[in-house]
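Each remark here refers to the structure printed beneath this line.
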């Protein structure tokens, strides 16, 4: 009986935790992506493997200053255009 | 044989029409990086009589540059700014050509590009490309950047394209062919990409697209 209660509390907790986390749908270079609401751009770029020194990022049509990547939060509906430069000229 | 400014203007007007030539005459374009992209793009813009060209590079012409860059044997060892200026004035001696033999960095962008309306990014190193594009878009509210990425090797010509990334930011190239992956830069494909940059700049000057 006690084990059953513990499991119930755990499941309720899990449900509450997952409800608290909202997902955000954003578009990156034209493709839809799901991610957690409120993730910042710097972390997102790192997770995706972008090299920060070789890219330019537009968010909803505006250039994002390099110094603002860490404080730029990604929200549902955001549109990102990430240009990753390669060598040659 | 020397020609007068009027004779050259008349010749250009006959090819382009006076209305279009007037817009090209007023053009203020910076070419940042005078390698395969910049030297070829600048030559194309000089030929159609873009009135004000600003050439920027810190480097000298090397023998290995001649496989794709618009220089000749006699230019090896010269600063690229001087070597290209000399050639462009051979095409049209009445163009206003400014040169800056400097290395572009975040700190000098504001001063360096103050008088230019359109900036042609023509660097070689990806970090420098990103630095210039970000720097211009961040530091100026109204200047347009025409950049290039992906033109190495001898792959399909038709993979090189021009697209508008954002309001003041255009990108030419296939966006994937990296010069670092054992794939050399060669005149034909680099020139195609330089042509994309130059043609887009012509369109911006003529039609303001």
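The values are calculated or read from the model by the stated rules, or taken from the named source; none is laboratory data. A quick note: this is a predicted structure, and the numbers were derived from the prediction, not measured. Cβ placement follows ideal geometry from the backbone for every residue including glycine, while neighbour counts extend to all protein chains displayed.
Here are some notes:
- Residues of the range A:49-59 satisfying the condition of being surrounded by 13 or more Cβ atoms within 10 Å (Cβ to Cβ) and more than 9 Å from chain B (Cβ to nearest Cβ): A:50, A:59
- Qualifying residues in the range A:24-48 (those that are within 14 Å of another protein chain (Cβ to nearest Cβ) and outside any strand (DSSP E or B)) - the one surrounded by the most Cβ atoms within 10 Å (Cβ to Cβ): A:41
- Selected residue (criterion: nearest to residue B:149 (Cα to Cα)) from residues of the range B:43-68 that are touching a residue at least 60 places away in the same chain (Cβ under 8 Å), touching a helix residue (DSSP H, G or I) at 6+ places or on another chain (Cβ under 7 Å) and surrounded by 18 or more Cβ atoms within 10 Å (Cβ to Cβ): B:68
- Of the set (1) modelled with pLDDT of 95 or more; (2) in a loop (DSSP other than H, G, I, E, B); (3) out of contact with any helix residue (DSSP H, G or I) (no Cβ under 8 Å at 6 or more places or on another chain), all apply to residue B:158 but (2).
- Among (1) outside any strand (DSSP E or B); (2) in contact with a helix residue (DSSP H, G or I) (Cβ under 9 Å, 6 or more places away or on another chain); (3) away from every other protein chain (no Cβ under 14 Å); (4) surrounded by fewer than 23 Cβ atoms within 10 Å (Cβ to Cβ) - the single one residue B:97 does not satisfy: (1)
- Answer from B:136, B:190, B:125 - the residue that is more than 20 Å from residue A:61 (Cα to Cα), within 12 Å of another protein chain (Cβ to nearest Cβ) and buried (at least 23 other Cβ atoms within 10 Å of the Cβ): B:190
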